[in-house]
Amino acid sequence: MPNMSMFKNEMPTQEPNVRNKNFLEVALGYNKEQAIDEAKRCLNCKSKNCVSGCPVQIDIPAFISEVIKSDFEKAYEIISDASSLPAVCGRVCPQESQCEGKCVRGIKGEPVGIGRLERFVADYHNSNCKNMINSIKPNQNGHKVAVIGSGPSGLTCAGDLAKKGYEVTVFEALHLAGGVLVYGIPEFRLPKAIVQKEIDGLRAMGVKIETNMVIGKVLSIDELIEEYNFEAVFIGSGAGLPKFMNIPGENLKGVYSANEYLTRVNLMKAYTENTTTPVKKSRRVAVIGGGNVAMDAARCAKRLGAEEVYIIYRRSEEELPARKEEVEHAKEEGIIFKFLTNPVEILSDENGFAGSIQCLEMELTEPDESGRRKPVEKEESAFCIPVDTVIMSIGTSPNPLIRSSTKGLETQKWGGIIINEKTGLTSREGIYAGGDAVTGAATVILAMGAGKTAARAIDAYISPFIR
Ligand code: FAD
Ligand code: SF4
């Protein structure tokens, strides 16, 4: 019998007033009974609307049917056919605008909790299955591919090629692999042990990961091809260069880019006692921006002990680009939202630190080129918020290092690498690219999809030479 409840089974979570003081995972995950009950809300529609909303086309009704039968391992196999990071995607994908956004149960009531079910299945597999699908080492075919960057696009491309027998080496600039999954998204949303497990699985398949290798400085892509005999290269170097507003006061002490702040907290564990890269002890923090990155920075600041944390966003709540669930969690944890507010200057205190932020009230007019209503300043609406820390989270772009060090690599004016969308091929033969390095800051699942597309194209490019 289908479960015709209008509402999803609630996700068990840590209490807001407890979790806003620790870095443990907020959402605790369904148990078997909750997962089966939620799976029974699925109508197994012939039209499979949900699948059309999934960027990697997971056969959603098929895996959900296996959950109903308690065959969680079969459900995992179905998801794994399309997605290489199910435990990650079940936690961080913007399902409301993808699969769940298309689910017919969402027409009258809440959609099926597809993301929560994906997470349940992946966690069940990770804690119960000894026979890891990923850990079977394929026979190598003797052909070498280099992957630049170990974020979701690079890891997916590396995994898909390793499964086909390629000798894959991932070159990562940082000392740890995982890209934004380890240095950006905080532990309380995505435990790092989960990312590590995926990386261990790739290593077990024979993928080599060389950390502390800044391509463009230590070695160039041309050297990888000409001197180290890599037959193809995938560039998945992300978009890690922070943007600033260019307002007065942005270079005061106590002003961070969200990237720096989150890297210190997540990668360098600034919340532990013996950290070598602490962040400033803050009482009042302003985070400028309204995306997932801004929510993560604000929630980290709260957990590090700040009494007041503001999200300052120039549009209204309706336009917030962050995932709905993250916004709700942030509100529950006590983050204060200042909508229709635009910072114009950061003022210093007597010691040269950020001391307050001068803002203007905004109102929304006609939609701009992005389709969103354009914010304009209200006259004589200036006001000041006392803060001691400001975190800029207004977007990122690709770092120029790769494009400036690779001959003939064509890029957009803003830095995104130009590719053929069907194959990921760049303007250079044998060099492919995908993920944020191509699109600018986007999502994990889109980066993974790009890694898959390029892996297929690289295989088609090299396989005629395999004897
Ligand atoms: P990245 O994950 O950025 O990985 C690129 C890697 O390349 C990095 O490890 C970098 O160190 C390395 N690299 C860069 N240059 C070089 C070089 N020259 N040589 C060698 N290595 C290099 N998306 C979601 O779907 N849901 C979310 O909830 C979400 N939250 C986010 C929160 C934060 C704080 C951030 C920053 C992003 C978030 N995103 C989210 C976006 C998502 O994480 C990215 O779209 C995704 O990680 C892009 O993957 P990628 O593989 O293209 O690049
Ligand atoms: Fe199930 Fe919703 Fe997909 Fe229909 S659209 S198959 S109800 S998840």
Ignoring ligands, DNA and RNA, what percent of the 1.4 Å accessible area of the chain is carbon and sulfur? 50
Calculate, for the range 339-467, the solvent-accessible area per residue in square angstrom, rolling a 1.4 angstrom probe over the heavy atoms of the protein chains. 52
Considering the options 340, 43, 386, tell which one lies farthest towards the positive end of the dipole of the chain, charges being +1 on Lys and Arg and -1 on Asp and Glu at the Cβ, about the Cα centre. 43
Ignoring chymotrypsin sites (Phe, Trp or Tyr not before Pro) buried by more than 12 other Cβ within 10 Å or outside DSSP loops, the longest site-free run in the chain is 8-227
I need the trypsin sites (Lys or Arg not before Pro) found in the range 192-248, filtered to DSSP loop residues with at most 11 other beta carbons within 10 Å of theirs. 217
Inter-centroid distance (Cα atoms) of the range 365-440 relative to the range 42-76, Å: 34
Search the structure for amide H atoms under 5 Å from the amide H of residue 232, placed 1.01 Å from N in the peptide plane, and list their residues when 5 or more places away or on another chain. 146
With x for Gly and Pro, the residue-by-residue ³J(HN,Hα) of the range 49-61, computed from phi through the Karplus equation 6.51 cos²θ - 1.76 cosθ + 1.60 at θ = phi - 60° and given in whole Hz, is 3, 4, 5, 5, x, 9, x, 10, 6, 5, 7, 5, x
Hey, what did the range 244-394 get for relative contact order, percent, Cα under 8 Å, at least 6 apart? 29
Run the numbers for residue 222 and residue 244: contour at 0.36 nm per residue of separation, minus the present Cα-Cα distance, in nm. 4.7 nm
Work out how much length residue 21 to residue 213 would gain on full extension: take 0.36 nm times their residue separation and subtract the Cα-Cα distance, in nm to one decimal. 65.6 nm
Could you do me a favour and compute the accessible area per residue for the range 120-243, 1.4 Å probe, result in Å²? 39
Other-chain or far-sequence residues with amide H under 5 Å of residue 378's (modelled H): 361, 362, 363
Residue-by-residue Karplus 3J(HN,Hα) for the range 343-360, coefficients 6.51, -1.76, 1.60, Hz, glycine and proline x: x, 10, 7, 9, 9, 8, 8, 5, 9, x, 8, 4, x, 6, 10, 8, 10, 10
Distance between modelled label sites at residue 1 and residue 316, nm, 7 Å Cα→Cβ extension: 4.3
Which cross-chain or sequence-distant (5 or more) residues have an amide H under 5 Å from the amide H of residue 373, H modelled 1.01 Å from N in plane? 368
Once phi is turned into ³J(HN,Hα) by the Karplus curve 6.51 cos²θ - 1.76 cosθ + 1.60 with θ = phi - 60°, what whole-Hz value does each residue of the range 363-369 show in order, with x for glycine and proline? 9, 9, 10, 5, x, 8, 4
Gyration tensor on Cα atoms of the range 244-394, a ≥ b ≥ c root eigenvalues, a/c under 1.5 rounded, else prolate if a/b beats b/c, else oblate, says oblate
Per residue accessible area in Å² of the range 18-86, where ligands, DNA and RNA are left out and the probe is 1.4 Å: 45
A student applying the Cα gyration tensor rule (rounded when a/c is under 1.5; otherwise prolate if a/b is larger than b/c, oblate if not) would label the range 223-298 prolate
The chain - mean residue ellipticity at 222 nm from DSSP helices (-39,500 (n - 2.57) per run, n ≥ 4, rounded to 500): -9000 deg cm²/dmol
Taking R0 as 25 Å, what's the FRET efficiency between residue 81 and residue 110 from their Cβ-Cβ distance, rounded to 0.05? 0.40
Among the GluC sites (Glu not before Pro) within the range 160-239, which fall in a DSSP loop and have no more than 14 other Cβ atoms within 10 Å of their own Cβ? 227
Amide N of the range 151-192 lying under 19 Å from the label point, which is placed 7 angstrom from the Cα of residue 276 along Cα→Cβ: 173-177, 183
Please give, to one decimal in nm, the separation of the simple spin-label points placed at residue 44 and residue 467, each 7 Å out from Cα toward the Cβ. 5.1
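The values are calculated or read from the model by the stated rules, or taken from the named source; none is laboratory data. Everything numeric in this text was worked out from a predicted model, so none of it was measured. Using ideal geometry, Cβ is built from the backbone for each residue, glycine included, and neighbour counts are taken over all protein chains shown. Side chains included, ligands, DNA and RNA excluded: accessible areas come from the protein's heavy atoms. Shrake-Rupley method; radii C 1.70, N 1.55, O 1.52, S 1.80 Å.
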